[in-house]
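The values are calculated or read from the model by the stated rules, or taken from the named source; none is laboratory data. Given the structure is predicted, the values throughout are model-derived calculations rather than measurements. No Cβ is skipped: glycine too gets one built from the backbone with ideal geometry, and neighbour counts run over all protein chains shown.
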Amino acid sequence: MLYAVNYPLGSLSKKEEARYGHELAWRLLYYVMEQKYGRKWSSLTLVRNSHGKPRFSNCPVQFSLSHCAGFVCCTFSEWEIGIDAERLRPYDPKLARRICAPAELKALEALPERAKNLMTLWTLKESLMKAVGEGFHYGFQNAEFLWEHESFQPVREDICAVSFSPVSDILVSACGFGPLPKKVELLDLDLFF
């Protein structure tokens with residue numbers, strides 16, 4: 001399942017907003033682990049792999065977190081999974097050249113809504129890099145997707161991918177080594193404070 005909280009943007013600085021989003025994403029994780037999985041945070045042991053990906057050493061539930069200004073999310077699975085959320089922004093050709101493989105750039109040029117499609121690719125790539133457990137070390141060029149059947153599909157055959165737009169200006173993507181969430185469950189911010 002994929003859980004998220006959408007919250008109003010306030011007068012926080014970019015650094016304060018990032019810190020708040022990070023803290024709220026972890027609060028969301030704690031809440032879901034207790035409410036949906038019956039596991040109190042104090043009973044879980046958190047460890048990180050050599051690239052910093054967190055996981056529980058004493059619980060089979062895999063998870064991934066993401067946040068952007070005004071939005072946090074987490075997803076859970078029985079297998080390795082990754083998630084990324086980004087706010088829509090204008091198309092940036094420099095960003096496209098930096099993160100896209102040649103076939104992806106060619107697809108973007110031919111598609112309408114290049115800004116939305118570039119951000120979809122960005123979230124797919126980041127979620128794939130998280131799912132494989134290597135983060136940015138894996139590399140944007142290695143996290144390659146092809147435009148097929150009206151969506152971007154991973155080149156890697158062992159990876160599944162899905163994208164959502166749970167609120168009007170947010171894109172969320174998840175990648176993993178098995179079935180993925182079919183929807184986003186939006187939770188109320190008041191649950192965490």
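Quick look at the numbers
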read-out: Residues of region 170-189 satisfying the condition of being small (Gly, Ala, Ser) and surrounded by fewer than 14 Cβ atoms within 10 Å (Cβ to Cβ); value: Gly178
read-out: Region 19-33, residues that are without any contact (Cβ under 8 Å) to a residue 12 or more places away in the chain and over 26 Å from Pro179 (Cα atoms); value: Arg19, Tyr20, Glu23
read-out: First in region 101-121 and touching a residue at least 40 places away in the same chain (Cβ under 8 Å), second anywhere and of a type in the set (A, V, I, L, M), Cβ under 7 Å, 6 or more apart; value: Ala103/Leu146; Glu104/Leu121; Lys116/Leu88; Met119/Leu88; Met119/Leu171; Thr120/Leu171
read-out: Leading residue by the ranking (surrounded by the most Cβ atoms within 10 Å (Cβ to Cβ)) among those in region 127-142 that are under 18 Å from Arg48 (Cα atoms) and free of Cβ contacts under 8 Å to residues at least 60 places away in the same chain; value: Leu128
read-out: Identity of the residue in region 63-100, closer than 13 Å to Pro166 by Cβ and among the hydroxyl-bearing types (Ser, Thr, Tyr), that ends up surrounded by the fewest Cβ atoms within 10 Å (Cβ to Cβ); value: Ser66
read-out: Test for Gly52: is it of a type outside the set (A, V, I, L, M) and modelled with pLDDT under 95; value: yes
read-out: Glu17 at pLDDT below 95, surrounded by 13 or more Cβ atoms within 10 Å (Cβ to Cβ) and of a type in the set (Asp, Glu); value: yes
read-out: Single match in Gln153, Gln141 (criterion: assigned to a strand (DSSP E or B) and either farther than 19 Å from Pro8 by Cβ or among the acidic types (Asp, Glu) (or both)); value: Gln153
read-out: Residue check, Leu24 more than 17 Å from the chain's Cα centre (by Cα), of a type in the set (A, V, I, L, M), farther than 19 Å from Gly133 by Cβ and not in a strand (DSSP E or B); value: no
read-out: Flag for Leu65 being at pLDDT 95 or above, within 27 Å of Leu29 (Cβ to Cβ) and either hydroxyl-bearing (Ser, Thr, Tyr) or not in a helix (DSSP H, G or I) (or both); value: yes
read-out: Among residues of region 33-62, those that are crowded, with 17+ Cβ neighbours inside 10 Å and closer than 27 Å to Lys14 by Cα, counted; value: 1
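So that you can scan it fast, the table gives a plain yes or no per residue for (1) at pLDDT below 95; (2) in contact with a Phe, Trp or Tyr (Cβ under 6 Å, 6 or more places away or on another chain):
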{"position": "Lys94", "(1), (2)": "no, no"}
{"position": "Cys100", "(1), (2)": "no, no"}
{"position": "Leu108", "(1), (2)": "yes, no"}
{"position": "Lys116", "(1), (2)": "no, no"}
{"position": "Trp122", "(1), (2)": "no, no"}
{"position": "Pro154", "(1), (2)": "no, yes"}
{"position": "Asp190", "(1), (2)": "yes, no"}
